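For reference, the structure discussed in these notes is given below.
The values are calculated or read from the model by the stated rules, or taken from the named source; none is laboratory data. Since we're looking at a predicted model, the values are computed, not measured. With ideal geometry, Cβ positions are generated from the backbone for all residues, glycine too; neighbour counts draw on all protein chains shown. Ligands, DNA and RNA are excluded from the accessible area calculation, which covers all protein heavy atoms including side chains. Shrake-Rupley method; radii C 1.70, N 1.55, O 1.52, S 1.80 Å.
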Amino acid sequence: AQSVTQLDSHVSVSEGTPVLLRCNYSSSYSPSLFWYVQHPNKGLQLLLKYTSAATLVKGINGFEAEFKKSETSFHLTKPSAHMSDAAEYFCVVSGGYQKVTFGTGTKLQVIP
Amino acid sequence: EAGVAQSPRYKIIEKRQSVAFWCNPISGHATLYWYQQILGQGPKLLIQFQNNGVVDDSQLPKDRFSAERLKGVDSTLKIQPAKLEDSAVYLCASSLVGLAGALRETQYFGPGTRLLVL
């Protein structure tokens, strides 16, 4: 079985402060892991992905994530939040038999 | 490069009616996905095509939902008859690589079709 858990449904940060969005996964296979962002009334866009290469993955707009197999985690971070980062973020795991599973999402609020 | 196109963008129907959604993936993309995103939830994969063959339809409610991908390009998703709980955004996505690499490939999403069943 395969699953992904996003530990926070809502995260609120002040502009200029660090962002941490948490994701834990479960997979019987060596998974690929992704973070997608969904801005209001816009389509989903890939932020970054891990596919068994470097465990620290850098994405667009200053985001990065670290794959930690021992902790089955793939947390998303950004050193300094910007107003334009306000959106919903989805952690995605893809494992055996081409199955794709989305997390329930974390809504990020950035306070000016 | 043109993105994934979907139509219609919005649809309102009454329960027990039928509805169809259309998706045109990015040119050359072998894999096509349909997702259902209910308000407040993450997208749920309904069906995945590899060219015109079905790879995974384990979460497709086959008593009322059907999907096809003619000639391995465009795809349609149909609901017949619709229920109130089908109200959701239906997302189409595509990715470039074929079967062996699909797990690790970026998916490109369309804008979605917002369905309201009354």
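So, in region A:15-31, of the ones that are open to solvent by 50 Å² or more (accessible area, probe 1.4 Å) and part of a strand (DSSP E or B), which residue ends up modelled with the lowest pLDDT?
Ranking the qualifying residues of region A:15-31, first place goes to A:Ser26.
Of everything in region B:21-57, what is free of Cβ contacts under 8 Å to residues at least 24 places away in the same chain, open to solvent by 30 Å² or more (accessible area, probe 1.4 Å) and closer than 18 Å to B:Asp86 by Cβ? Give them in sequence order.
Within region B:21-57, B:Gly40, B:Gln41, B:Lys44, B:Asp57 qualify.
From the list A:Lys99, A:Lys107, A:Lys69, exactly one residue is more than 22 Å from B:Gly3 (Cα to Cα), among the charged types (D, E, K, R) and more than 10 Å from chain B (Cβ to nearest Cβ). Which is it?
A:Lys69
Restricting attention to region B:24-57, and to residues there that are within 12 Å of another protein chain (Cβ to nearest Cβ) and touching a Cys at 6+ places or on another chain (Cβ under 8 Å), which single residue is modelled with the lowest pLDDT?
B:Tyr33
Return yes or no: is A:Ala87 within 14 Å of chain B (Cβ to nearest Cβ), farther than 18 Å from A:Val4 by Cα and modelled with pLDDT of 95 or more?
yes
Going residue by residue through region B:93-103, is there one that turns out to be at pLDDT below 95 and away from every other protein chain (no Cβ under 14 Å)?
No, because not a single residue in region B:93-103 is at pLDDT below 95 and away from every other protein chain (no Cβ under 14 Å).
If you go through region A:32-47, how many residues are under 18 Å from A:Glu88 (Cβ atoms), surrounded by 18 or more Cβ atoms within 10 Å (Cβ to Cβ) and in contact (Cβ under 8 Å) with a residue 24 or more places away in the chain?
8
Identify, by number, the condition in (1) under 21 Å from B:Gln37 (Cβ atoms); (2) more than 10 Å from chain B (Cβ to nearest Cβ) that A:Lys78 doesn't meet.
Here A:Lys78 meets the rest and fails (1).
Of all residues in region A:1-41, how many are over 15 Å from A:Thr104 (Cβ atoms) and among the hydroxyl-bearing types (Ser, Thr, Tyr)?
Number of matching residues: 8.
From the list A:Ser80, A:Ser84, A:Ser52, A:Ser12, pick out the single residue that is over 14 Å from the mean Cα position of the chain (by Cα), free of Cβ contacts under 8 Å to residues at least 60 places away in the same chain, over 28 Å from B:Leu32 (Cα atoms) and open to solvent by 50 Å² or more (accessible area, probe 1.4 Å).
Going through A:Ser80, A:Ser84, A:Ser52, A:Ser12 in turn, just one is over 14 Å from the mean Cα position of the chain (by Cα), free of Cβ contacts under 8 Å to residues at least 60 places away in the same chain, over 28 Å from B:Leu32 (Cα atoms) and open to solvent by 50 Å² or more (accessible area, probe 1.4 Å): A:Ser84.
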